[in-house]
Amino acid sequence: MSGFSFSILAREGNARRGVIATPRGEIRTPAFMPVGTQATVKAMYPGQVRELGADIVLGNTYHLMLRPGAERVADLGGLHDFMRWPFPILTDSGGFQVMSLAKLRKLDEDGVTFASHIDGSTHRLTPERSVEIQRLLGADITMQFDECLRLPAEEAEVKRAMELSLRWGERSKAAFVPVDGKAIFGIVQGGDIAELRLASARGLTEIGFDGYAVGGLAVGEPQAVMLKVLEETLPALPEDRPRYLMGVGTPEDILESVRRGIDMFDCVMPTRAGRHGHAFTRFGRVNLRNARHAVDPRPLDAQSDCPAARDYSRAYLHHLVRTQETLGAMLLTWVNLAYYQSLMAGAREAIGEGRYGDYVEGVREGWQKGDG
């Protein structure tokens with residue numbers, strides 16, 4: 001597709017450093033995409049998110065369908081103008097909500113009918129409607145509509161959902177309007193069963209997508225299972241297309257997934273943790289709710305480039321968290337997204353210099369050593 005391309009710049013084992021070119025800017029990979037579910041990365045200004053190093057953010061089809069509505073966003077100039085983010089945006093298809101809102105939906109071959117979690121109103125998502133919503137939003141990367149299952153699950157159920165997702169992938173691709181520079185990704189399903197994952201990967205490759213996501217992981221299975229699935233699945237995907245692991249995850253998950261060949265990540269963890277008083281740092285995860293921080297004058301990281309980590313005392317952050325002040329969520333979200341982007345920048349540099357293994361070990365040593 002002209003206007004959208006992926007180039008691999010360096011390799012170390014299966015780890016890849018690359019760049020995705022789009023008309024709205026380049027996405028340096030491995031990349032972490034902050035989650036902007038409702039057209040906002042919670043507790044952050046768009047300019048801050050960009051300054052931290054994010055090349056792309058994620059929006060959510062299901063939530064934006066409900067509020068404010070895809071047609072309204074289109075009438076207002078599209079999601080980029082609406083949220084003041086002129087850079088690339090990837091939109092999830094609503095497939096995750098097929099799992100997370102299982103009690104509020106009815107699924108059939110054609111699609112899914114949701115009862116809104118807000119007011120109970122009825123909404124219908126099909127592969128065609130999901131792709132249409134993403135087009136109205138103006139997504140640079142559209143995701144196929146799929147069914148995501150929580151693990152563990154019975155093999156027959158995993159097989160049913162995988163085959164349905166494959167049929168929905170074909171319909172999503174057919175509904176996608178190939179505008180210059182816009183892309184659509186397929187989503188590999190199949191739970192923790194290698195044969196089903198490979199069948200999904202082969203089927204999606206035959207349909208032909210601009211990139212390929214691995215979905216249905218970090219949904220209840222141990223990390224070892226997730227990594228095994230990646231090792232079994234990724235060799236079946238085209239080498240020359242981006243690979244996106246959806247909804248993952250912890251810094252450890254990300255580093256190990258990069259090692260196995262993943263190029264893109266998204267997760268609510270850094271923003272959600274920030275709102276709940278947790279900070280990710282090079283010394284490990286810090287719970288600012290703990291009383292031991294109440295009289296600690298040290299910052300989270302005196303050497304950090306992030307002012308929130310460098311310039312505010314732990315005692316003050318503890319106070320903000322305990323009093324539920326909005327500034328506490330803002331500062332800790334800032335800290336966490338800065339750390340995640342720093343982690344990715346370090347990974348890209350290390351792969352380029354052929355020292356990724358040493359980089360991962362160094363990061364781990366910092367976590368294990370701690371700071372106090």
Filtered residues of segment 278-332 (kept if of a type in the set (D, E, K, R) and not in a strand (DSSP E or B)): R282, R289, R292, D296, R298, D301, D305, R310, D311, R314, R322, E325
Filtered residues of segment 313-352 (kept if without any contact (Cβ under 8 Å) to a residue 24 or more places away in the chain, over 21 Å from Q303 (Cβ atoms) and not aliphatic (A, V, I, L, M)): T323, Q324, E325
Residue tally, condition under 14 Å from L237 (Cα atoms) and in contact with a strand residue (DSSP E or B) (Cβ under 8 Å, 6 or more places away or on another chain), over segment 181-200: 6
Scope segment 286-308; condition over 18 Å from P34 (Cα atoms), in contact with a Phe, Trp or Tyr (Cβ under 9 Å, 6 or more places away or on another chain) and surrounded by 15 or more Cβ atoms within 10 Å (Cβ to Cβ); matching residues: V286, P299, L300, D301, S304
Test: residue in segment 329-351 that is touching a Leu at 6+ places or on another chain (Cβ under 6 Å) and over 15 Å from F32 (Cβ atoms): no
Residue in segment 234-258 that is surrounded by the most Cβ atoms within 10 Å (Cβ to Cβ), counting only those that are touching a Gly at 6+ places or on another chain (Cβ under 7 Å) and of a type outside the set (A, V, I, L, M): P242
Segment 329-348, subset among the small types (G, A, S) and crowded, with 24+ Cβ neighbours inside 10 Å, residue farthest from V49 (Cα to Cα): A347
Qualifying positions in segment 53-76 - touching a His at 6+ places or on another chain (Cβ under 9 Å) and over 18 Å from F145 (Cα atoms): none
Conditions (1) among the aliphatic types (A, V, I, L, M); (2) under 20 Å from L52 (Cβ atoms); (3) touching a His at 6+ places or on another chain (Cβ under 6 Å): number failed by A294: (2)
Members of segment 67-98 found to be over 17 Å from V41 (Cβ atoms) and surrounded by 19 or more Cβ atoms within 10 Å (Cβ to Cβ), listed by number: A70, S93, G94, G95, F96, Q97, V98
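May I ask you to say which residue of R282, R310, R348, R314 is touching an Asp or Glu at 6+ places or on another chain (Cβ under 6 Å) and at pLDDT 95 or above?
Numbers: R282 fails: touching an Asp or Glu at 6+ places or on another chain (Cβ under 6 Å); R310 fails: touching an Asp or Glu at 6+ places or on another chain (Cβ under 6 Å); R348 fails: touching an Asp or Glu at 6+ places or on another chain (Cβ under 6 Å).
Only one candidate passes the filter, namely R314.
With the condition being free of Cβ contacts under 8 Å to residues at least 40 places away in the same chain, I'd like the strands (runs of 3 or more DSSP E) fully within segment 23-141 carrying at least 1 qualifying residues. First the steps, then the outcome.
On the way: elements: 25-29, 31-33, 57-60, 89-92, 105-107, 112-115, 122-125.
Per the criteria, 25-29, 57-60, 105-107, 112-115, 122-125.
Conditions (1) among the aliphatic types (A, V, I, L, M); (2) over 24 Å from Y45 (Cβ atoms), marked per residue:
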position	(1), (2)
I262	yes, yes
G284	no, yes
Y316	no, no
A338	yes, no
Test: residue in segment 137-158 that is hydroxyl-bearing (S, T, Y) and either in contact with a Gly (Cβ under 6 Å, 6 or more places away or on another chain) or within 26 Å of G220 (Cβ to Cβ) (or both): no
Answer from L196, L230 - the residue that is surrounded by 19 or more Cβ atoms within 10 Å (Cβ to Cβ), in the same structural domain as D92 (by TED's automatic domain parsing), in a helix (DSSP H, G or I) and more than 20 Å from the chain's Cα centre (by Cα): L196
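The values are calculated or read from the model by the stated rules, or taken from the named source; none is laboratory data. Computed from a predicted model, the values in this text were never measured in an experiment. Because the Cβ atoms are built from the backbone with ideal geometry, glycine has one as well, and the counts that use them run over all protein chains shown.
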